[in-house]
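Below is one structure, written out as structure tokens, with a few remarks after it.
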Amino acid sequence: MAEDLYQSHDYFYMDELLTEEHKLIRNAAREWVKREVSPIIEDACQKAEFPKNILPGLAEIGAFGPYIPTEYGGAGLDQISYGLIMQELERGDSGIRSTASVQSSLVMFPIWKYGNEDQKKKYLPKLADGSLIGCFGLTEPDYGSNPGGMKTNIKDKGNHFILNGSKMWISNSPFADIAIVWAKDESNRIKGLIVEREMDGFTTPETHGKWSLRASATGELVFDNVKVPKENILPNKDGLGAPLGCLDSARYGIAWGAIGAAMDCYDTALRYAKERIQFGKPIASFQLQQRKLAKMITEITKAQFLTWRLGVLKSENRATSAQISMCKRNNVEIALKIAREARQILGAMGITGEYSIMRHMMNLESVITYEGTHDIHLLITGMDITGENAFK
Ligand code: TGC
Ligand code: FAD
């Protein structure tokens, strides 16, 4: 990839709404991405390999459990800080943000919120320092948007459960040390379990051939009579609301992350348009290119404010699931549109790995599908405003 010349854009002086601490955290993540992610990401993506050597760095910048209390090894930060870290990571690559948001919101969050004290002390500090990596198993081959139908199940055998079933499309599964797995008990109630890699009968085959999120490892979780000790069940919440509660936190992080990808595409396209000469003039001087760029910065600015406000509400524990859905849906949509328009501004150069745009565009095709598809989030808004359920 060409040298990372990224400069962030703050058209409406949104920085004035951030605290000094927010800016310090954001700038540290930004510098780290420039130094550690940008030089290696194109190669990792071309090889379809997750760059595991960045895991300690992610832990050092506080990307694993930013809002988890310090007593459990987290950084004890607020929700805006968490969002800003996700924004900067996804500016580098959605796959890197994915790893951090799965670890923080889909693994540490359920242990923190639904686990007992022993589980918190055993797992959270190691997840925070990156010595343990986790993944989250909700989706199954036949149950994606409708996770409530899941078939993965546990049977009570006295001092342990026997776990059977499979999960699909699981970020980080091929190398994760632990998995938070959602399974139905004998009364069809969904429970969360901590499954460890060493448990007999547990395998994690990798999914190959992806054109999207190539620098993120995706795989299955297969459970063949896995003996899970009872102490590994998350005792403090069950039912579908438990995994969906984790998704609220991860979807919030994605809303910020998508702005990062959009800003990177806009910044790249703006610079290119000013430098590229056709018909004796920079292409930035043509109205058609200005229209694209002007629309991009307008959408980025709107998304920045929507998301900042969501962050304030979330820090005050007032953000609703439907508000989070609206923000995730809006931001991923504008990011994908911006990536597609930005790619065109670069002409043929836009399809190469010299620039980050095509990689962002391909990544965003996953981001618009995972953590609830674009359609599902629209239906969540529809249900919230009308009171009518159009899912079923
Ligand atoms: P429904 O009857 O509406 O709800 C069941 C229970 O859940 C509660 N609830 C929520 N709780 C917390 N947060 C939310 N966002 C919630 N949404 C619903 C609800 O109140 C109810 O509670 P209770 O106590 O009454 O039982 O459930 P439904 O079966 O009709 O489904 C609703 C629907 C479609 C919105 C939901 O299933 C859904 O969101 N589907 C999308 C599935 C999804 O997002 N999967 C993501 C998998 S993980 C992933 O993609 C990780 S990618 C990570 C990365 O790499 O970055
Ligand atoms: P389906 O549910 O089969 O949907 C197919 C289409 O039908 C979509 O367009 C959808 O919007 C539409 N549709 C479905 N239901 C309705 C309805 N009621 N009304 C209208 N339209 C509808 N899952 C995890 O559990 N953990 C992970 O770590 C994880 N990581 C992922 C990483 C990647 C790279 C990807 C691509 C996915 C990942 N997922 C993960 C799975 C992801 O959450 C699911 O792909 C997603 O929830 C959609 O499920 P599905 O692919 O089965 O699509």
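Take segment 90-124 and flag every residue that is among the basic types (Lys, Arg) and either under 19 Å from residue 314 (Cβ atoms) or within 16 Å of ligand 2 (Cβ to nearest atom) (or both).
As a first pass, look at segment 90-124 and keep what is among the basic types (Lys, Arg): 91, 97, 113, 120-122.
Of everything in segment 90-124, those that are among the basic types (Lys, Arg) and either under 19 Å from residue 314 (Cβ atoms) or within 16 Å of ligand 2 (Cβ to nearest atom) (or both) turn out to be 97, 113.
Might you let me know whether segment 180-203 holds any residue that is touching an Asp or Glu at 6+ places or on another chain (Cβ under 9 Å) and near ligand 2 (Cβ under 10 Å from one of its atoms)?
Among the residues of segment 180-203, not one is touching an Asp or Glu at 6+ places or on another chain (Cβ under 9 Å) and near ligand 2 (Cβ under 10 Å from one of its atoms), which makes the answer no.
Just to be sure before I move on: is residue 342 open to solvent by less than 10 Å² (accessible area, probe 1.4 Å), farther than 24 Å from residue 139 by Cβ and in contact with a Lys or Arg (Cβ under 9 Å, 6 or more places away or on another chain) in the structure I sent?
Here the answer is yes, as residue 342 does meet what is asked.
Please state which one of 363, 330, 317 is of a type outside the set (D, E, K, R) and surrounded by 22 or more Cβ atoms within 10 Å (Cβ to Cβ).
363
Would a scan of segment 240-256 turn up a residue that is touching a Gly at 6+ places or on another chain (Cβ under 7 Å) and not in a helix (DSSP H, G or I)?
Checked against the condition, which is being touching a Gly at 6+ places or on another chain (Cβ under 7 Å) and not in a helix (DSSP H, G or I), segment 240-256 yields at least one hit.
What's the number of the condition residue 144 fails, among (1) under 17 Å from residue 203 (Cβ atoms); (2) within 15 Å of ligand 2 (Cβ to nearest atom)?
Every condition holds for residue 144 apart from (1).
Let me confirm something: among 43, 118, which residue is more than 18 Å from the chain's Cα centre (by Cα), farther than 25 Å from residue 231 by Cβ and of a type outside the set (Phe, Trp, Tyr)?
Every option except 43 fails the conditions.
Which of (1) buried (at least 21 other Cβ atoms within 10 Å of the Cβ); (2) under 16 Å from residue 308 (Cα atoms) is the odd one out, the single condition residue 16 does not satisfy?
All conditions pass for residue 16, except number (1).
This table checks each residue for (1) more than 16 Å from ligand 2 (Cβ to nearest atom); (2) at pLDDT 95 or above; (3) over 30 Å from residue 148 (Cβ atoms).
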| residue | (1), (2), (3) |
| --- | --- |
| 288 | yes, yes, yes |
| 311 | yes, yes, no |
| 318 | yes, yes, no |
| 351 | yes, yes, yes |
| 360 | no, yes, yes |
| 364 | no, yes, no |
| 368 | no, yes, no |
| 372 | no, yes, no |
| 375 | no, yes, no |
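Out of segment 230-279, which residues are more than 16 Å from ligand 1 (Cβ to nearest atom) and either at pLDDT below 95 or acidic (Asp, Glu) (or both)?
Selection gives 231, 264, 267, 275.
Yes or no, residue by residue, for (1) among the aliphatic types (A, V, I, L, M); (2) touching a Lys or Arg at 6+ places or on another chain (Cβ under 7 Å):
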{"position": "53", "(1), (2)": "no, no"}
{"position": "58", "(1), (2)": "yes, no"}
{"position": "61", "(1), (2)": "yes, no"}
{"position": "65", "(1), (2)": "no, no"}
{"position": "68", "(1), (2)": "yes, no"}
{"position": "74", "(1), (2)": "no, no"}
{"position": "81", "(1), (2)": "no, no"}
{"position": "84", "(1), (2)": "yes, yes"}
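This table checks each residue for (1) within 14 Å of ligand 1 (Cβ to nearest atom); (2) under 30 Å from residue 243 (Cα atoms); (3) not aliphatic (A, V, I, L, M).
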site: 285; (1), (2), (3): no, no, yes
site: 292; (1), (2), (3): no, no, yes
site: 316; (1), (2), (3): no, yes, yes
site: 345; (1), (2), (3): no, no, no
site: 350; (1), (2), (3): no, no, yes
site: 357; (1), (2), (3): no, no, no
site: 376; (1), (2), (3): yes, yes, no
site: 381; (1), (2), (3): yes, yes, yes
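Within 16 Å of ligand 1 (Cβ to nearest atom), not hydrophobic (A, V, I, L, M, F, W, C) and not assigned by TED's automatic domain parsing to the domain that holds residue 106: does that describe residue 184?
When the stated conditions are applied, residue 184 passes them.
The values are calculated or read from the model by the stated rules, or taken from the named source; none is laboratory data. These numbers come from a predicted model, not from an experiment. Positions of Cβ are generated from backbone atoms using ideal geometry, with glycine treated the same way; all protein chains shown enter the neighbour counts. Each accessible area value is taken on the protein alone, full model and side chains, heavy atoms only, with ligands, DNA and RNA left out. Shrake-Rupley method; radii C 1.70, N 1.55, O 1.52, S 1.80 Å.
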